[in-house]
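Asker: One structure, as C-alpha cells, below. Some questions next.
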Amino acid sequence: MTVLVLAEHDLGVLGAATARIVAAASKLGPVDLLVVAPDAAPIAEEAASIARVAKVLAISGLAHAPSDALTDLLADLANGYTHIVAAAAAVGRDVIPRLAAKLDLMPVTDVIAIHSATRFDRPIYAGNAIETVSSGQAQNLLTIRASAFRPAAGGGSAPIETLGAAPASHQTFVSDSRTESELPELSTAQIVVGGGVSFGSAEKFALVEGLARTLGAAVGATRAAVDAGYAPNDWQVGQTGKIIAPDIYIALGISGALQHLAGIQGAKKIIAVNSDPEAPIMKIADLALVGDIFEVVPALTAELQKLGLKR
Ligand SMILES: Cc1cc2nc3c(=O)[nH]c(=O)nc-3n(C[C@H](O)[C@H](O)[C@H](O)COP(=O)(O)OP(=O)(O)OC[C@H]3O[C@@H](n4cnc5c(N)ncnc54)[C@H](O)[C@@H]3O)c2cc1C
C-alpha cells in the first residue's frame, strides 16, 4: 500500500495543510509527496522535512496549478499507488474529480477520519450527519479536510527525486486576487474570531479584526457579513465557506445558522457573544455571554491588551 499526496503550496512556500494531509495519509501506508510548482526545489526541501514522508517527487513547471495538466500528471504517476490524496481545498477539489473521471474511479471527498485503507468518514447534509464510506475499489482517490487532522511533525529528511517535464496545459491563467493579511491562515488557525452581519459596516467589523490581532487569531465571518461587504469572501466560514477546527472559536454577533455551524463543528471550544440568549449559537457554545458586541468587544480587547496578551 503506497500513497501519493499532492502538496499544497502558495507563493513558493509549502502550505500548512500539507503536514496535516501527510499525517492523515500515513495511516494508509508510506507517503510519497508530489510538489508541482514553477520552482519546485525550495518547496520540495521544506516538504522533505515532514516526518513520515518516504520520498518527495519534485517537478518544476505548471504555474497557477492548471487542473488539466495536473490531472494528466497524476494519471501518469498513478500506477503503483493504492491511494492518491489531496487536500479538500481549491486545487484538490478541482483535480481529484477530474482524475476520478479519467481513471474511471469513484472519489471519496472531504474525508475527516480514516478507519482503514477502504473505510472513510465524511460529512453529509452540510455536516449534520457523518457517513462512513466503504470503498470496494483497489485504488482510491481522496480529498481530505486538513483541519480534521493534527499535522505530522517536522525533523524528517526524505530523499527528493526530481522528475522531468510537466505535461502541457490548455488552460489560460487570467488573474487572481488576494487578501493581504498578517493574521494566521483561517483553515489551520488555533484561535478564530468570527463576526456576523450585526456589526453593521466594514468599519465596525474592524472590531473583530482588532480582537483577533490581540489574540494572534485568524478572522472569520458569516456569509451575511460577507454578502453585506463587511468582510472579504475568503473569510467566510461555513457550508459554502471555509471549514475550520480551531482550539477556540469566538463568535461575535453570530446567530448560529445551520450553514454557519457546518463550518465550525471541529472547533474544540466555542465562545459566543450575542444580545439574544435564545440565538442558536448560544445553545451550543461552551461559554455564552449575553451582551452587546459594541460594548463587549472593545472592552475585551482593551483588557487583553492590558494583560499584555498582544502577540
Ligand atoms: C445554500 C446556503 C449556504 C449558506 N452558506 C453559509 C456559509 O457558508 N456560512 C454562513 O455563515 N452562512 C451561510 N448561509 C447563510 C446562513 O443561513 C445565515 O443567513 C448566516 O449565517 C447568518 O449570518 P449572521 O449570523 O451574521 O446573521 P443573522 O442570522 O442575522 O444573526 C445576527 C445575530 O447577531 C445578533 N446581534 C444583533 N445585534 C447584536 C449586538 N449589538 N450585539 C450582540 N449580538 C447582536 C442577533 O441576535 C443575531 O443572533 C448560507 C445560506 C444558504 C441558503
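Asker: In the chain, with Lys and Arg counted as +1 and Asp and Glu as -1 at Cβ, which of these residues, GLY80, ALA288, TYR125, has the Cα nearest the positive end of the dipole, that is, farthest along it?
Answerer: Sorting the options by dipole projection puts first ALA288.
Asker: When Lys and Arg each count +1 and Asp and Glu each count -1, what net charge do the other residues less than 14 Å away from PHE294, Cβ to Cβ, add up to?
Answerer: That sum, taken over residues with Cβ under 14 Å, equals -2.
Asker: If amide H atoms are built 1.01 Å from N in the plane of the peptide, which residues on other chains or at least 5 residues away come under 5 Å of the amide H of ILE250?
Answerer: Counting only residues 5 or more places away or on other chains, the set is VAL192, VAL193, GLY194, ILE271.
Asker: Let me ask something else. Among the DSSP beta bridges whose two residues both lie in the stretch 55-151, what percent are antiparallel, rounded to the nearest 5?
Answerer: 55 percent
Asker: Averaging sequence separations of C-alpha pairs under 8 Å and six or more residues apart, then dividing by the length of the chain, give the relative contact order as a whole percent.
Answerer: 15 percent
Asker: For the stretch 3-162, what relative contact order do you get, as a whole percent, if you take Cα pairs closer than 8 Å and at least 6 residues apart?
Answerer: Relative CO of the stretch 3-162 lands at 30 percent.
Asker: Using Cα centres only, tell me the gap between the stretch 97-172 and the stretch 213-232 in whole Å.
Answerer: 29 Å
Asker: Could you tell me which residue out of SER135, GLY164, GLN236 lies farthest along the dipole of the chain toward its positive end? Charges go on the beta carbon: Lys and Arg +1, Asp and Glu -1, centred on the Cα centre.
Answerer: Positive-end residue among those listed: SER135.
Asker: If you scale each eigenvalue of the Cα gyration tensor by 5 and take the root, what three semi-axes come out for the chain, rounded to whole angstrom and sorted largest first?
Answerer: 37, 21, 18
Asker: Under a point spin-label approximation (7 Å from Cα along Cα-to-Cβ), what is the ALA299-SER181 distance to one decimal in nm?
Answerer: 2.7 nm
Asker: Cα centroids of the stretch 183-209 and the stretch 1-41: how far apart, whole angstrom?
Answerer: Centre-to-centre distance over Cα atoms comes out at 29 Å.
Asker: Which residues in the stretch 44-74 place their backbone N less than 11 Å from a point set 7 Å from the Cα of LYS102 along the Cα-to-Cβ direction?
Answerer: Label zone hits: 67-74.
Asker: Oh, and also: Could you tell me whether the stretch 186-306 comes out rounded, prolate or oblate from its Cα gyration tensor? Rule is a ≥ b ≥ c as square roots of the eigenvalues, rounded for a/c under 1.5, then prolate if a/b exceeds b/c, otherwise oblate.
Answerer: Since a/c stays below 1.5, the shape of the stretch 186-306 is classed as rounded.
Asker: Tell me which chymotrypsin sites (Phe, Trp or Tyr not before Pro) from the stretch 170-231 have a DSSP coil assignment and no more than 13 other beta carbons within 10 Å of their own.
Answerer: Filter output for the stretch 170-231: PHE173.
Asker: Note down the net charge around ILE21, summing +1 for each Lys or Arg and -1 for each Asp or Glu among other residues with Cβ under 10 Å from its Cβ.
Answerer: That sum, taken over residues with Cβ under 10 Å, equals +1.
Asker: Name the shape class, rounded, prolate or oblate, that the alpha-carbon gyration tensor gives for the stretch 68-108, where a ≥ b ≥ c are the square roots of its eigenvalues, rounded holds for a/c under 1.5, and otherwise prolate holds if a/b is larger than b/c and oblate otherwise.
Answerer: The shape class here is rounded.
Asker: Okay, next question. What share of the DSSP beta bridges in the chain is antiparallel, in percent to the nearest 5?
Answerer: 20 percent
Any read-out appearing in this document is the output of simple, stated calculations on the displayed coordinates, not a laboratory observation. Just so you know, these numbers come straight off a predicted model, no measurement behind them. FYI the Cβ positions are ideal-geometry reconstructions off the backbone, even for glycines, and counts take in every protein chain you see.
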